[in-house]
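One structure is given below, encoded as structure tokens.
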Amino acid sequence: MSREFSIVEPGSPESITKAEYSEEEYVEHFSDQVELERREEMERHEREMRELSGWERQKRGRAILNSRARDEGTALGGKFMVKFVRKDGLPETEISVGDLIRISKNEPLSDENPSGTVTEKTNYSIKAAFDDKPPGWIYDKVRVDLYVNDITYQRMLEALEKIKGLKGKKRKLMIKLLSDESLHTEHIDDLYLSNQMLNDSQKEAVIKALESDEIHLIHGPPGTGKTVTCVEVIEQAVEKGQKVIACADSNTAVDNLVEHLVSRDRKVVRVGHPARVTPILREHTLDYILENNATYKKAEELRERAFDLKDEQEKYTYPSGRWRRGLSNEAILSLARKGKSSRGIPSDKIKEMAKSLEIQEEVDDLFDKIDELEEKAVDEILERSEIVCTTNSSSASQALEGREFDLCVIDEATQATEPSCLIPIVKAKKLVMAGDHKQLPPTILNEKAKKEGLSETMFERLIALYGEEIKTMLRVQYRMHEKIMKFSDERFYRSEIKADQSVKRHTLSDIVEKSTSGKFDEILEPREPIVLVDTSSEMPERSRSNSTSKENPGEAVLAGELSKRFLKMGLDPVDIGVITPYHDQSDLIRSKIKEENIEVDTVDGFQGREKEVIILSLTRSNREGNIGFLRDLRRLNVSITRARRKLVVIGDVSTLSSHPVYEELFDHIEREGKKVTISL
């Protein structure tokens, strides 16, 4: 078999395309990459809408058919809210909070179809916000399609353009981000930590982040508490009277920050739409706080008056089409006052049009006042807040327009593209980023953009630019049994990570009494934290027609059977996760598992997550030893670090051992845990 190994691994500073830029180079380079990615995403969805039936799009998770809509009123900024419901529940779908959706009857690419932004998602419905009042037909059965979220790309491009106009400390920060000028630090002699439970490496990260005048990076391997460390940095900044914007690329990661901060009794405002609408989050969202603001209530009263007037206006003829006949608004109003007709338009029709224009003028005045009051209400709330939490993209929302911050903290920064991080950075004087460049980077669709560096994050580029001194590494993990942790630690983190005593030797035997009896006993053994199930080339992979993904029916059946056995042992379904590198395999496994609370997802979708038990289906099994994108070792690192107490790895050892690192992994499991050879 051929053996393949990259000397310069992805995620290492040596793999960076370019570390230092002039301002002009930087703006041009990343603007080009953003445009490439934007066009790729748009073309991908439009191509699918043209070539695939609605049913096929739904099967791929990018459309929802036969949805019924209901009016949900209006929200901040006069957005029109509509909920789309399926009585039998939503199908498996990629559509999530923050995505742009297009609503249609039969022709999804028609220019007349309205587009909205998803604000909430449940098992049975999605709610979306529309800028304009949607047409009445959407309240019949409609099709909902995932579409490109163009506003995010526009915000990236705007952030790149804003670089040219930055001044003062914001300008100084940007210079340090583009070239390796010396970084300034100020030594801190005495620091009282808000969180006294931090370990030594977390304390070191907090101190170095505070001592830095411009930039510091917190490198957090799996389970080491990146977010907890970020929260302490934020609290220390707030104690100094600084304004902080705390961001991440995903809604889920932002909500995680909010939960930590509000538990510390901080004045937090969550701008944007939380992915999980729990009471503790809802009461900290800007929309919720506005509902109890006196200034905003005045705006709401005026909005009701404006809509009442709009209803009244519909009784009168609006001057358009055949009734306009070249007459200006002023001419219509003048003729109405004189009671005259004109150009074949009777005087009573002139009066109707004049009345419509008078109402429209009043409505316009009301909406101007509404805008002023809403802006004032938002200002009142944000001025009283200590911390604004939002996604990178939503940091450029209207509510935060023109606002500046002393500190920008970006959590999970290695899951975001550089232009995405730039959106909040241009608002700040100092930057702290937390992430792990040894885990998966952001997903890039356009191959040219990927090759030219869009998948390389700012976090990685700054390490390449300044070296190790710009970052602090967290060295104690609170997730995994030490045997689960060990291979990742040795292979990716130079054996610098230690398992905390609270997790070092925890196993399933702490929470279940015994395994079930039968052929799977060796795999299920509660006292054994890590097991390799070698399928011995008896479960070959396959590809679906018109799919570039892979699936392995034998491994899918085995993963489903093991899930059932873990349930019989007494495990809660929410404590079990089944992951695989391939979308098609995750779909196939999901069809084998009837318990809906067992989470099945791709490795990419599970990044940042953890479960007591992880069943990992590696999928690839072929005579050629071809392992495809499993060659990206960051995917392997994520795969084997999601489990807390037990990791079951299912794979064809003969195929996967064509790569020396997988061979090392299998040797490690056999040495530290157990290897079982099985066939169905």
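Checking Val269 against (1) closer than 30 Å to Val231 by Cβ; (2) open to solvent by less than 60 Å² (accessible area, probe 1.4 Å); (3) part of a helix (DSSP H, G or I), which single condition isn't satisfied?
(3)
Restricted to the range 562-599, and to residues that are in contact with a helix residue (DSSP H, G or I) (Cβ under 6 Å, 6 or more places away or on another chain) and in a helix (DSSP H, G or I), which residue is least open to solvent (accessible area, probe 1.4 Å)?
Ile589
State the number of residues belonging to the range 163-177 that are more than 14 Å from Ile470 (Cβ to Cβ) and among the aliphatic types (A, V, I, L, M). Even if it seems obvious, please write down each step before you answer.
Within the range 163-177, the subset more than 14 Å from Ile470 (Cβ to Cβ) is 163-172, 174-175.
Filter again for among the aliphatic types (A, V, I, L, M), leaving 163, 166, 174-175.
Result for the range 163-177: 4.
Would you point out the residue of the range 351-382, among those that are under 30 Å from Ala336 (Cα atoms) and hydrophobic (A, V, I, L, M, F, W, C), that is surrounded by the fewest Cβ atoms within 10 Å (Cβ to Cβ)?
So in the range 351-382, the residues under 30 Å from Ala336 (Cα atoms) come out as 351-370.
If we keep only those that are hydrophobic (A, V, I, L, M, F, W, C) as well, we get 353-354, 357, 359, 363, 366-367, 370.
On the way: Met353: 23, Ala354: 20, Leu357: 19, Ile359: 19, Val363: 18, Leu366: 19, Phe367: 15, Ile370: 21.
Result: Phe367.
Which ones in the range 199-221 are part of a loop (DSSP other than H, G, I, E, B) and open to solvent by less than 10 Å² (accessible area, probe 1.4 Å)? Break it down into steps so the answer makes sense when it comes.
Just the residues of the range 199-221 that are part of a loop (DSSP other than H, G, I, E, B), to begin with: 199, 213-214, 220-221.
Answer for the range 199-221, where residues must be part of a loop (DSSP other than H, G, I, E, B) and open to solvent by less than 10 Å² (accessible area, probe 1.4 Å): Glu214, Gly220, Pro221.
Could you tell me how many of the residues in the range 140-159 are outside any strand (DSSP E or B) and either touching a helix residue (DSSP H, G or I) at 6+ places or on another chain (Cβ under 6 Å) or at pLDDT 90 or above (or both)? So that I can check it myself, show each step before the final result.
Pass one, the range 140-159, residues outside any strand (DSSP E or B): 140, 148-159.
From what's left, either touching a helix residue (DSSP H, G or I) at 6+ places or on another chain (Cβ under 6 Å) or at pLDDT 90 or above (or both): 148, 152-159.
The qualifying residues number 9.
Tally the residues that are over 13 Å from Glu158 (Cα atoms) and open to solvent by 10 Å² or more (accessible area, probe 1.4 Å), restricting the search to the range 415-433.
Number satisfying all stated conditions: 4.
Being assigned to a helix (DSSP H, G or I) and either open to solvent by less than 40 Å² (accessible area, probe 1.4 Å) or over 28 Å from Glu664 (Cα atoms) (or both) is the filter here, so list the residues in the range 465-502 that pass it.
Initially, the range 465-502 is screened for residues assigned to a helix (DSSP H, G or I), giving 465-466, 468-470, 482-492.
Answer for the range 465-502, where residues must be assigned to a helix (DSSP H, G or I) and either open to solvent by less than 40 Å² (accessible area, probe 1.4 Å) or over 28 Å from Glu664 (Cα atoms) (or both): Leu465, Tyr466, Glu469, Ile470, Ile484, Met485, Phe487, Ser488, Asp489, Phe492.
Is it true that some residue in the range 114-124 is open to solvent by 40 Å² or more (accessible area, probe 1.4 Å), modelled with pLDDT under 90, among the polar types (S, T, N, Q) and farther than 27 Å from Glu35 by Cα?
yes
In this structure, is Asp311 under 52 Å from the mean Cα position of the chain (by Cα), within 30 Å of Tyr288 (Cβ to Cβ) and modelled with pLDDT under 90?
Numbers: under 52 Å from the mean Cα position of the chain (by Cα): yes; within 30 Å of Tyr288 (Cβ to Cβ): yes; modelled with pLDDT under 90: yes.
The answer is yes for Asp311.
For Gly136, are the conditions met, namely being in contact (Cβ under 8 Å) with a residue 40 or more places away in the chain, surrounded by fewer than 16 Cβ atoms within 10 Å (Cβ to Cβ) and small (Gly, Ala, Ser)? Full working, then the answer.
Details: in contact (Cβ under 8 Å) with a residue 40 or more places away in the chain: no; surrounded by fewer than 16 Cβ atoms within 10 Å (Cβ to Cβ): yes; small (Gly, Ala, Ser): yes.
For Gly136, the condition - in contact (Cβ under 8 Å) with a residue 40 or more places away in the chain, surrounded by fewer than 16 Cβ atoms within 10 Å (Cβ to Cβ) and small (Gly, Ala, Ser) - is not met.
Per-residue answers, yes or no, for (1) more than 18 Å from Lys471 (Cβ to Cβ); (2) without any contact (Cβ under 8 Å) to a residue 24 or more places away in the chain:
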position: Glu181; (1), (2): no, yes
position: Thr185; (1), (2): no, no
position: Tyr192; (1), (2): yes, yes
position: Asn195; (1), (2): yes, no
position: Asn199; (1), (2): no, no
position: Ile207; (1), (2): no, yes
position: Glu214; (1), (2): no, no
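Is there a residue being at pLDDT below 85, within 24 Å of Pro442 (Cβ to Cβ) and within 26 Å of the chain's Cα centre (by Cα) anywhere in the range 27-37? Reasoning before the result, please.
So the first thing to find is which residues in the range 27-37 are at pLDDT below 85, and the list is none.
Among the residues of the range 27-37, not one is at pLDDT below 85, within 24 Å of Pro442 (Cβ to Cβ) and within 26 Å of the chain's Cα centre (by Cα), which makes the answer no.
Going through Leu454, Leu462 one at a time, which residue ends up being assigned to a loop (DSSP other than H, G, I, E, B), open to solvent by less than 10 Å² (accessible area, probe 1.4 Å), aliphatic (A, V, I, L, M) and under 30 Å from Gly402 (Cα atoms)?
On the way: Leu462 fails: assigned to a loop (DSSP other than H, G, I, E, B).
Answer to the check: Leu454.
Output the residues belonging to the range 625-647 that are open to solvent by 10 Å² or more (accessible area, probe 1.4 Å), closer than 27 Å to Leu508 by Cα and outside any helix (DSSP H, G or I).
If the condition is that a residue be open to solvent by 10 Å² or more (accessible area, probe 1.4 Å), closer than 27 Å to Leu508 by Cα and outside any helix (DSSP H, G or I), then Arg644, Arg645 are the ones that fit.
Tell me which residues, restricted to the range 235-249, are assigned to a loop (DSSP other than H, G, I, E, B) and touching a helix residue (DSSP H, G or I) at 6+ places or on another chain (Cβ under 7 Å). So that I can check it myself, show each step before the final result.
Quick first cut of the range 235-249, residues assigned to a loop (DSSP other than H, G, I, E, B) only: 240-243, 249.
Answer for the range 235-249, where residues must be assigned to a loop (DSSP other than H, G, I, E, B) and touching a helix residue (DSSP H, G or I) at 6+ places or on another chain (Cβ under 7 Å): just Asp249.
Quick one: Glu20 ticks every box in (1) at pLDDT 90 or above; (2) open to solvent by 50 Å² or more (accessible area, probe 1.4 Å); (3) in a helix (DSSP H, G or I) except a single one, so which number is it?
It is condition (3) that Glu20 fails.
Are any residues in the range 235-266 surrounded by 18 or more Cβ atoms within 10 Å (Cβ to Cβ), farther than 17 Å from Ala399 by Cβ and more than 20 Å from the chain's Cα centre (by Cα), and if so, which ones?
If the condition is that a residue be surrounded by 18 or more Cβ atoms within 10 Å (Cβ to Cβ), farther than 17 Å from Ala399 by Cβ and more than 20 Å from the chain's Cα centre (by Cα), then Glu235, Gln236, Ala237, Val238, Val262, Arg266 are the ones that fit.
Being of a type in the set (D, E, K, R), more than 19 Å from Gln360 (Cα to Cα) and at pLDDT 90 or above is the filter; apply it to the range 334-348 and report the residue that is least open to solvent (accessible area, probe 1.4 Å). Break it down stepwise before answering.
We begin by selecting, within the range 334-348, every residue of a type in the set (D, E, K, R); these are 337-338, 340, 343, 348.
From what is left, the residues that are more than 19 Å from Gln360 (Cα to Cα) are 338, 340, 343.
So of that shortlist, the ones also at pLDDT 90 or above come out as 338, 340.
Numbers: Lys338: 133, Lys340: 107 Å².
Ranking the candidates gives Lys340 first.
Do any strands (runs of 3 or more DSSP E) entirely within the range 50-138 hold 3 or more residues that are of a type in the set (Val, Ile, Thr), and if so, which?
Working: elements: 63-75, 79-85, 100-104, 115-121, 125-130.
Of the strands (runs of 3 or more DSSP E) lying wholly inside the range 50-138, those with at least 3 residues that are of a type in the set (Val, Ile, Thr) span 115-121.
Looking only at the range 600-624, filter to residues that are acidic (Asp, Glu) and part of a loop (DSSP other than H, G, I, E, B); which one of those is least open to solvent (accessible area, probe 1.4 Å)? Please lay out each step first, then the result.
Within the range 600-624, the subset acidic (Asp, Glu) is 601, 604, 610, 612, 624.
After this cut, where a residue has to be part of a loop (DSSP other than H, G, I, E, B) as well, the list is 610, 624.
Details: Glu610: 81, Glu624: 130 Å².
The extreme case among them is Glu610.
Name every residue in the range 657-678 that is assigned to a loop (DSSP other than H, G, I, E, B), open to solvent by 10 Å² or more (accessible area, probe 1.4 Å) and either acidic (Asp, Glu) or in contact with an Asp or Glu (Cβ under 7 Å, 6 or more places away or on another chain) (or both), in order of residue number. First the steps, then the outcome.
Quick first cut of the range 657-678, residues assigned to a loop (DSSP other than H, G, I, E, B) only: 657-659, 673, 678.
So of that shortlist, the ones also open to solvent by 10 Å² or more (accessible area, probe 1.4 Å) come out as 657, 673, 678.
Across the range 657-678, the qualifying residues are Ser657, Gly673.
Name the single residue, out of those in the range 291-333 being farther than 30 Å from Ile345 by Cβ and assigned to a loop (DSSP other than H, G, I, E, B), that is most open to solvent (accessible area, probe 1.4 Å).
That would be Asn292.
Could you list, in sequence order, all residues of the range 506-552 that are within 21 Å of Val653 (Cβ to Cβ), surrounded by fewer than 19 Cβ atoms within 10 Å (Cβ to Cβ) and under 32 Å from the mean Cα position of the chain (by Cα)?
Once the filter is applied, which keeps residues that are within 21 Å of Val653 (Cβ to Cβ), surrounded by fewer than 19 Cβ atoms within 10 Å (Cβ to Cβ) and under 32 Å from the mean Cα position of the chain (by Cα), the range 506-552 yields only Arg542.
Scan the range 46-63 and give yes if some residue there is more than 24 Å from Tyr466 (Cα to Cα), out of contact with any helix residue (DSSP H, G or I) (no Cβ under 6 Å at 6 or more places or on another chain), acidic (Asp, Glu) and open to solvent by 90 Å² or more (accessible area, probe 1.4 Å), otherwise no.
Yes.
Which ones in the range 72-97 are closer than 21 Å to Phe367 by Cα and of a type in the set (S, T, N, Q)?
Let us first name the residues in the range 72-97 that are closer than 21 Å to Phe367 by Cα, namely 72-81.
Correct list: Thr74 only.
The values are calculated or read from the model by the stated rules, or taken from the named source; none is laboratory data. Since the structure is predicted, the reported quantities are computational estimates derived from the model, not experimental observations. Using ideal geometry, Cβ is built from the backbone for each residue, glycine included, and neighbour counts are taken over all protein chains shown. When the accessible area is computed, the model is the full protein with side chains, heavy atoms only, and any ligands, DNA or RNA have been set aside. Shrake-Rupley method; radii C 1.70, N 1.55, O 1.52, S 1.80 Å.
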